[in-house]
Amino acid sequence: MFRRPLFAVFLLQILFIGIWYHISGGEKTPPQEDIPVECEGRVGEIRIGTSGKVLVLSDVKAKNKNTGREIHTDQCIVYDFSDKLLFSNSKIGNTIHIQGVYSTFQTVSNPGGFDEDLYYKSQGISAKIFAESLEIVNNRLDPIRHGLFLLRQRAMEQLLAVMEERDAGVLGAMILGEKSYLPADRKDQFQKTGIGHLLAISGLHVSLLGAGLFFFLRSYCLPMRQAVVVTVVFLFLYGQFTGFPVATEQAVLMMACGLFARYTGRCYDALSAMALSGIITLLQQPLQLFQCGFILSYTAIAGIVLFSPVMEKLGPYFKKNGLRGRILQAVLSSVSVFMVTVPVMLWFFYEISPYSILANLVVLPLLSLLVGAGVFGCILSFFWKAAGGFLLSTVHYILRFYEMVCLAVEELPGRSVVTGRPAPELVLLYYVVLVGGIFLYLKCEKKWIATVAGMLLAGIFFLFPPDVPFLYMQLDVGQGDCSVILCGEKTYLIDGGSTTQNEVGKYVISKCLKYFGRSQIDAVFITHSDADHTNGILELAVNQKNLGIKIEKIIMPGIQKIDEGYKRLYRSFRSYNISVNRMKKGDVLSCQELRIRCVHPTPEYEWESENDYSLTLDITYRDLRILATGDLEQEGETAVGDLRGGYDLLKVGHHGSKTSTSQEFLAMVSPRYAVISAGKKNRYGHPSPETVKKLRNAGVRIRNTMECGAVFAEWRSGKRIYVFREK
């Protein structure tokens with residue numbers, strides 16, 4: 001392997017980027033928000049988003065309108081912040097002048113969350129601008145890139161005209177790289193089944209198109225060398241046509257290497273070709289090394305290369321058994337990719353479908369027909385709409401078959417295994433066992449070696465789940481509230497909702513739980529009925545099967561006087577077959593060394609504001625004490641009664657509103673730390689300066705989710721210390 005110099009250079013490049021990224025602190029830049037700017041730049045790319053066109057500007061010169069200072073940035077992504085269709089006349093290559101609002105991207109704020117900053121920086125984009133006005137300064141055009149962009153848009157319009165919108169969205173993603181029309185439910189369905197790679201223009205798609213074109217040209221039109229040149233030019237134009245995502249770039253470069261090896265009469269080495277494509281990609285954008293698409297693409301190819309000697313050993317067996325041998329070879333190829341990519345899938349998605357190998361074996365044989373019919377049907381529809389639509393009907397039936405496969409997998413027991421993000425040392429151990437097992441098998445040709453290695457690999461991530469003795473998390477859900485308590489194998493939530501983040505249950509709460517390897521919530525404490533505390537829990541309850549998170553029971557305040565919101569919540573949870581219990585002052589939920597005691601309300605409590613009946617919980621783990629107050633306001637605080645002070649953490653009531661956290665209540669609780677859950681630029685002005693001042697005057701250290709993301713309180717085994725940390 002190391003006799004290949006390109007591969008050695010690729011490994012050294014990966015090592016260098018990893019060390020540089022670690023030393024530089026992940027290239028984190030201080031957040032900048034809502035800076036009024038005017039800037040000038042060249043339109044390098046036009047993307048189609050859910051809200052219309054989005055521009056990517058290169059060679060940007062930006063200036064802060066308030067201070068006149070220059071803002072250093074190279075590439076920016078620009079959104080239309082007006083209702084004037086500002087980008088309708090913009091073309092790739094134009095130089096434009098923009099006035100608008102400048103912001104940097106958000107870093108990850110919750111465990112398992114999306115790192116917007118790293119994602120865009122891996123594409124060389126450092127900031128975003130919301131444009132309020134636009135002027136084209138120079139009409140200079142990039143004819144090739146803009147022509148390909150227009151052709152892609154026209155092709156997508158043709159697909160939408162002759163196909164069902166859902167089918168057109170899937171096919172557009174597969175052959176055009178256009179994902180703005182891809183239905184979210186189809187995307188989730190494919191990913192959960194383990195066939196999500198079909199929705200990206202991967203090496204398989206490019207190989208089918210490139211090999212098909214080369215075979216046709218070589219057989220009927222051109223001599224071999226001319227066919228190579230034409231095919232390579234087509235592949236690079238096709239890559240540009242689709243926007244050149246990482247997987248496409250890798251496939252185009254590797255296939256170009258293979259074709260030119262044929263052109264020169266030399267042997268093609270897949271590992272060297274893979275290394276060359278990786279070197280070129282990382283020279284352009286080093287941070288791609290930390291993106292899921294890059295890692296999956298290269299580990300999949302590495303898996304095929306790694307197992308190819310095993311396939312060669314079994315070659316006579318494949319030939320001897322005819323069709324059975326070819327099936328076995330397909331199974332081995334699928335297994336090899338699965339085994340090498342398992343750690344990557346778990347690192348980024350925290351779960352995996354054990355049936356993905358079987359699903360891929362069923363759907364992949366039809367992929368060449370799907371891609372071929374899709375491409376030629378799309379082209380034909382430009383000239384003969386009816387004939388193109390007839391050919392594309394084949395795609396409809398193949399996609400229906402794929403959907404049936406996904407639905408069948410969803411009904412199988414254990415369709416998804418949630419393990420959480422594995423520790424780095426486990427990932428390293430996995431690959432050591434994998435490579436070592438293959439090496440020993442090839443060296444000794446003993447089947448028991450493969451068996452032992454396989455058993456070790458199967459157990460590494462499942463026998464060592466994330467170990468969490470006790471962890472309290474106040475998640476960053478924007479303007480809302482959600483606390484997560486992990487204690488051993490038990491999982492509890494206190495509220496879960498937001499009025500500023502869409503689908504907070506899917507994208508924040510479930511991602512966090514799966515990050516820690518949790519697929520079941522043992523109990524959810526609903527403090528009161530406000531939507532910013534409950535809509536995420538309702539979302540989880542409705543989509544328990546789809547999201548893979550089961551809720552065992554709901555605990556609501558045990559009060560006699562209830563409001564309409566309380567009644568609706570109670571009925572909704574019961575309709576989803578979830579047990580609903582009531583908790584009143586003095587009730588206790590215990591699990592090993594964890595004790596959750598209700599200190600408010602009493603059943604007869606007469607409240608005026610719904611916030612004042614908020615379930616207030618005294619949480620104790622060993623000698624760590626936390627008080628969670630929901631939206632408790634000052635009237636409710638007086639009804640709590642006496643508490644033994646000295647809390648380590650107070651979850652401040654009502655997002656830090658001035659109507660909560662009275663001086664008397666604060667003196668009684670006397671916390672060391674206080675956490676406030678509030679959203680940036682919320683319309684309520686939370687947290688109130690008065691409340692913040694009271695906390696500071698009392699010597700309380702404040703953590704605010706809008707500033708530091710999720711806040712953690714952790715008891716570390718054997719040290720009797722409290723650790724408070726933000727990410």
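With respect to ASN110, is the statement that it is modelled with pLDDT of 90 or more and exposed (fewer than 15 other Cβ atoms within 10 Å of the Cβ) true? Can you show your working first?
Numbers: modelled with pLDDT of 90 or more: yes; exposed (fewer than 15 other Cβ atoms within 10 Å of the Cβ): no.
Against the criterion (modelled with pLDDT of 90 or more and exposed (fewer than 15 other Cβ atoms within 10 Å of the Cβ)), ASN110 does not qualify.
From the residues in the stretch 207-252 that are assigned to a loop (DSSP other than H, G, I, E, B) and not hydrophobic (A, V, I, L, M, F, W, C), which one is nearest to the chain's Cα centre (by Cα)?
Of all residues in the stretch 207-252, those assigned to a loop (DSSP other than H, G, I, E, B) come to 222-223, 242-245.
Next cut, not hydrophobic (A, V, I, L, M, F, W, C) only: 223, 242-243, 245.
Values: PRO223: 46, THR242: 22, GLY243: 20, PRO245: 17 Å.
The extreme case among them is PRO245.
So which pairs qualify, if the first residue must be in the stretch 593-613 and farther than 28 Å from LYS658 by Cβ, the second must be open to solvent by 10 Å² or more (accessible area, probe 1.4 Å) and among the polar types (S, T, N, Q), the Cβ gap must be under 6 Å, and the two must be at least 6 apart or on different chains?
ARG595/THR620; PRO603/GLN560
Right, LEU253: out of contact with any Gly (no Cβ under 8 Å at 6 or more places or on another chain) and among the hydrophobic types (A, V, I, L, M, F, W, C) or not?
The answer is yes for LEU253.
Taking the stretch 138-159, which residues are open to solvent by less than 20 Å² (accessible area, probe 1.4 Å) and either among the aromatic types (Phe, Trp, Tyr) or over 27 Å from ALA386 (Cβ atoms) (or both)?
Result: HIS146, PHE149.
Restricting to the stretch 344-366, what's the tally of residues that are more than 14 Å from the chain's Cα centre (by Cα) and of a type in the set (D, E, K, R)?
0
Give me a count of the residues in the stretch 632-657 that are out of contact with any Pro (no Cβ under 9 Å at 6 or more places or on another chain), over 20 Å from ASN682 (Cβ atoms) and either in a loop (DSSP other than H, G, I, E, B) or of a type in the set (A, V, I, L, M) (or both).
4
With the structure loaded, tell me whether THR491 is at pLDDT 95 or above, outside any helix (DSSP H, G or I), touching a strand residue (DSSP E or B) at 6+ places or on another chain (Cβ under 8 Å) and among the hydroxyl-bearing types (Ser, Thr, Tyr) or whether it fails that test.
Values: at pLDDT 95 or above: yes; outside any helix (DSSP H, G or I): yes; touching a strand residue (DSSP E or B) at 6+ places or on another chain (Cβ under 8 Å): yes; among the hydroxyl-bearing types (Ser, Thr, Tyr): yes.
Against the criterion (at pLDDT 95 or above, outside any helix (DSSP H, G or I), touching a strand residue (DSSP E or B) at 6+ places or on another chain (Cβ under 8 Å) and among the hydroxyl-bearing types (Ser, Thr, Tyr)), THR491 qualifies.
Against the definition (more than 19 Å from LEU392 (Cα to Cα), without any contact (Cβ under 8 Å) to a residue 40 or more places away in the chain, out of contact with any Phe, Trp or Tyr (no Cβ under 8 Å at 6 or more places or on another chain) and among the basic types (Lys, Arg)), how does LYS187 come out, yes or no?
On the way: more than 19 Å from LEU392 (Cα to Cα): yes; without any contact (Cβ under 8 Å) to a residue 40 or more places away in the chain: yes; out of contact with any Phe, Trp or Tyr (no Cβ under 8 Å at 6 or more places or on another chain): yes; among the basic types (Lys, Arg): yes.
So LYS187 fits the description; yes.
In the stretch 658-681, what count of residues is obtained for those that are open to solvent by 30 Å² or more (accessible area, probe 1.4 Å), in a loop (DSSP other than H, G, I, E, B) and either touching a Pro at 6+ places or on another chain (Cβ under 9 Å) or hydrophobic (A, V, I, L, M, F, W, C) (or both)? Don't jump to the end; show me each part of the working.
Initially, the stretch 658-681 is screened for residues open to solvent by 30 Å² or more (accessible area, probe 1.4 Å), giving 658-659, 663-664, 667-668, 670, 672, 680-681.
Retained after the next criterion (residues that are in a loop (DSSP other than H, G, I, E, B)): 658-659, 670, 672, 680-681.
From what is left, the residues that are either touching a Pro at 6+ places or on another chain (Cβ under 9 Å) or hydrophobic (A, V, I, L, M, F, W, C) (or both) are 658.
Of the residues in that region, 1 qualify.
What is the residue count in the stretch 494-513 for residues that are surrounded by fewer than 21 Cβ atoms within 10 Å (Cβ to Cβ) and either of a type in the set (D, E, K, R) or in a strand (DSSP E or B) (or both)? If you could, list the steps in order and put the result at the bottom.
Initially, the stretch 494-513 is screened for residues surrounded by fewer than 21 Cβ atoms within 10 Å (Cβ to Cβ), giving 499-503, 506-507, 511.
Filter once more, keeping what is either of a type in the set (D, E, K, R) or in a strand (DSSP E or B) (or both): 503, 506, 511.
Result for the stretch 494-513: 3.
So LEU237 clears everything in (1) touching a Leu at 6+ places or on another chain (Cβ under 8 Å); (2) open to solvent by less than 40 Å² (accessible area, probe 1.4 Å); (3) at pLDDT 90 or above except one condition, right? Which one?
Here LEU237 clears every test but (2).
Taking the stretch 201-233 as the region of interest, how many residues are open to solvent by 30 Å² or more (accessible area, probe 1.4 Å), closer than 30 Å to CYS406 by Cα and small (Gly, Ala, Ser)?
So the answer is 3.
Check whether at least one residue in the stretch 160-167 is in contact (Cβ under 8 Å) with a residue 12 or more places away in the chain, under 30 Å from GLN501 (Cα atoms) and either buried (at least 19 other Cβ atoms within 10 Å of the Cβ) or of a type in the set (Gly, Ala, Ser) (or both), and report yes or no. Walk me through it before giving the result.
The first filter runs over the stretch 160-167 and keeps only residues in contact (Cβ under 8 Å) with a residue 12 or more places away in the chain, leaving 160-167.
When the remaining residues are screened for being under 30 Å from GLN501 (Cα atoms), the result is 165-167.
Okay, now just the ones that are also either buried (at least 19 other Cβ atoms within 10 Å of the Cβ) or of a type in the set (Gly, Ala, Ser) (or both), so 167.
For the stretch 160-167, residues in contact (Cβ under 8 Å) with a residue 12 or more places away in the chain, under 30 Å from GLN501 (Cα atoms) and either buried (at least 19 other Cβ atoms within 10 Å of the Cβ) or of a type in the set (Gly, Ala, Ser) (or both): present.
Tell me, which residue of the stretch 374-427 that is open to solvent by less than 40 Å² (accessible area, probe 1.4 Å) and touching a Ser or Thr at 6+ places or on another chain (Cβ under 6 Å) is farthest from LEU513 (Cα to Cα)?
GLY388
Quick one: would you say PHE439 is modelled with pLDDT under 85 and within 25 Å of the chain's Cα centre (by Cα)? If you could, list the steps in order and put the result at the bottom.
Numbers: modelled with pLDDT under 85: yes; within 25 Å of the chain's Cα centre (by Cα): no.
No: the conditions fail for PHE439.
State the number of residues belonging to the stretch 542-571 that are open to solvent by less than 80 Å² (accessible area, probe 1.4 Å) and not in a helix (DSSP H, G or I).
15
Against the definition (of a type in the set (Phe, Trp, Tyr), in a loop (DSSP other than H, G, I, E, B) and surrounded by fewer than 20 Cβ atoms within 10 Å (Cβ to Cβ)), how does TYR684 come out, yes or no?
On the way: of a type in the set (Phe, Trp, Tyr): yes; in a loop (DSSP other than H, G, I, E, B): yes; surrounded by fewer than 20 Cβ atoms within 10 Å (Cβ to Cβ): yes.
It is true that TYR684 is of a type in the set (Phe, Trp, Tyr), in a loop (DSSP other than H, G, I, E, B) and surrounded by fewer than 20 Cβ atoms within 10 Å (Cβ to Cβ).
Looking at the stretch 518-541, which of the residues that are under 18 Å from the mean Cα position of the chain (by Cα) and part of a loop (DSSP other than H, G, I, E, B) is surrounded by the fewest Cβ atoms within 10 Å (Cβ to Cβ)?
Taking the candidates together, the pick is SER519.
Restricting attention to the stretch 707-727, does a residue exist that is part of a helix (DSSP H, G or I) and modelled with pLDDT of 90 or more?
Step one: filter the stretch 707-727 for residues part of a helix (DSSP H, G or I), giving 707-708.
Checking the rest, the ones that are also modelled with pLDDT of 90 or more come to none.
No, the stretch 707-727 contains no residue that is part of a helix (DSSP H, G or I) and modelled with pLDDT of 90 or more.
Conditions tested, residue by residue: (1) closer than 25 Å to PHE244 by Cβ; (2) part of a helix (DSSP H, G or I); (3) among the β-branched types (Val, Ile, Thr); (4) touching a residue at least 24 places away in the same chain (Cβ under 8 Å).
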| site | (1), (2), (3), (4) |
| --- | --- |
| LEU6 | yes, yes, no, yes |
| LEU15 | no, yes, no, no |
| GLU38 | no, no, no, yes |
| GLY41 | yes, no, no, yes |
| ILE46 | yes, no, yes, yes |
| VAL60 | yes, no, yes, no |
| TYR79 | yes, no, no, yes |
| SER82 | no, no, no, yes |
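The values are calculated or read from the model by the stated rules, or taken from the named source; none is laboratory data. Fair warning: this is a prediction, and the values are worked out from it, not measured in the lab. In this analysis, Cβ positions are derived from the backbone assuming ideal geometry, glycine residues included, and neighbour counts consider all displayed protein chains. Note: areas computed on protein heavy atoms with side chains; ligands, DNA, RNA excluded. Shrake-Rupley method; radii C 1.70, N 1.55, O 1.52, S 1.80 Å.
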